[in-house]
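Below is one structure, written out as structure tokens; the observations come after it.
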Amino acid sequence: LLTLAALRRVSSWSIDMHLNGAWKTPDVYVESLFGRRVGLHGFGNISQHLARLLKPFGVPMATYSPSVPDDVLESFGVTRVDTLEALFSENNVIIELAAYKPENVGLVSEELLRMIPDGGTFVNIGRGAVVDEDALLRIAKEGRLQVALDVYGIEPLPVDSGFRGLPNVTLLPHLGGPTIDRRQDAGAHGVDNIEKYLKGE
């Protein structure tokens, strides 16, 4: 949802249409997901589900996730890259899903973010703390990237956050988890995990 919204500039257009009577003009530039190269930072369970959702778009997918076996990546049609630098510089869309652990705090630096090609998209649906948010804000203000965020270093996102109001930034208030109508899925998953644990699985 966030990736598509960022590529189509949904947030900016929605606000502009509501408040300013805007309408598209011949010079309006939006993008499709088709034809993009997608880099997934981390390839755990959520990334694996996301890879299935991305498949119909026919996008080449790459990941930096050293601990995931080659056969798992092959089963999803995902290419391994050996460095974060390669992941960020060789893909138009970066989707941040690295695990939240001490060694990953602030891992996504300004240097890495600046490697995303001009006109690219950075989406964080993992954890805010993995990204240097001050650096991301500086880059977002330059307008050369689309940014879409569902997670933040401080939640709720402060009212005076610099991310608020930027036309190239799509914001959601950490809605990526279960919705009210599907919370029973999360409960069932939790019970299933407990049962497996008790069985030594």
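Considering amide H positions built from the backbone, and no H for Pro or chain starts, which residues 5 or more places from T79, or on another chain, come under 5 Å of its amide H?
Hits under the 5 Å cutoff: M61, A62, T63.
Hull surface divided by four, with the convex hull built on the Cα atoms of the stretch 35-132: how many nm²?
If you wrap the Cα atoms of the stretch 35-132 in a convex hull and average its projections, you get 5.7 nm².
With a cap of 12 neighbouring Cβ atoms within 10 Å, and only residues DSSP puts in a loop, list the trypsin sites (Lys or Arg not before Pro) found in the stretch 122-201.
Filter output for the stretch 122-201: R164, K199.
Can you divide the C-alpha Rg of the stretch 92-192 by 2.2 N^0.38 Å and report the result to two decimal places?
After normalising by residue count via 2.2 N^0.38 Å, the value is 1.16.
Report in % the part of the accessible area of the chain that belongs to carbon and sulfur, leaving out ligands and nucleic acids; probe 1.4 Å.
Numbers: 6670 of 11630 Å².
It is 57 percent, rounded to a whole number.
Over the Cα atoms, compute the radius of gyration (one decimal) and Dmax (the largest Cα-Cα distance, rounded to a whole number) for the chain, in Å.
Spelled out, the Cα radius of gyration and Dmax of the chain are 17.8, 62 Å.
Skip the ligands, DNA and RNA, and give the accessible area per residue of the chain with a 1.4 Å probe, whole Å².
Details: 11630 Å² over 201 residues.
About 58 Å² of surface per residue is accessible.
What FRET efficiency comes out for E142 versus S109 if R0 is 25 angstrom and r is the Cβ-Cβ distance? Round to the nearest 0.05.
On the way: r = 16 Å, r/R0 = 0.64.
That gives a FRET efficiency of 0.95.
With no solvent and one point on each alpha carbon, what is the Debye value of log10 I(q)/I(0) for the stretch 4-49 at q = 0.15, 0.16, 0.31 Å⁻¹?
Taking Cα atoms of the stretch 4-49 as identical point scatterers yields -0.57, -0.62, -1.15.
The values are calculated or read from the model by the stated rules, or taken from the named source; none is laboratory data. Only a predicted model underlies this, so the values are computations on that prediction, with no experimental measurement involved. Neighbour counts run over all protein chains shown; Cβ positions are idealised from the backbone, glycine included. Just so you know, the surface numbers come from the protein's heavy atoms only, side chains and all, with ligands and any DNA or RNA stripped out. Shrake-Rupley method; radii C 1.70, N 1.55, O 1.52, S 1.80 Å.
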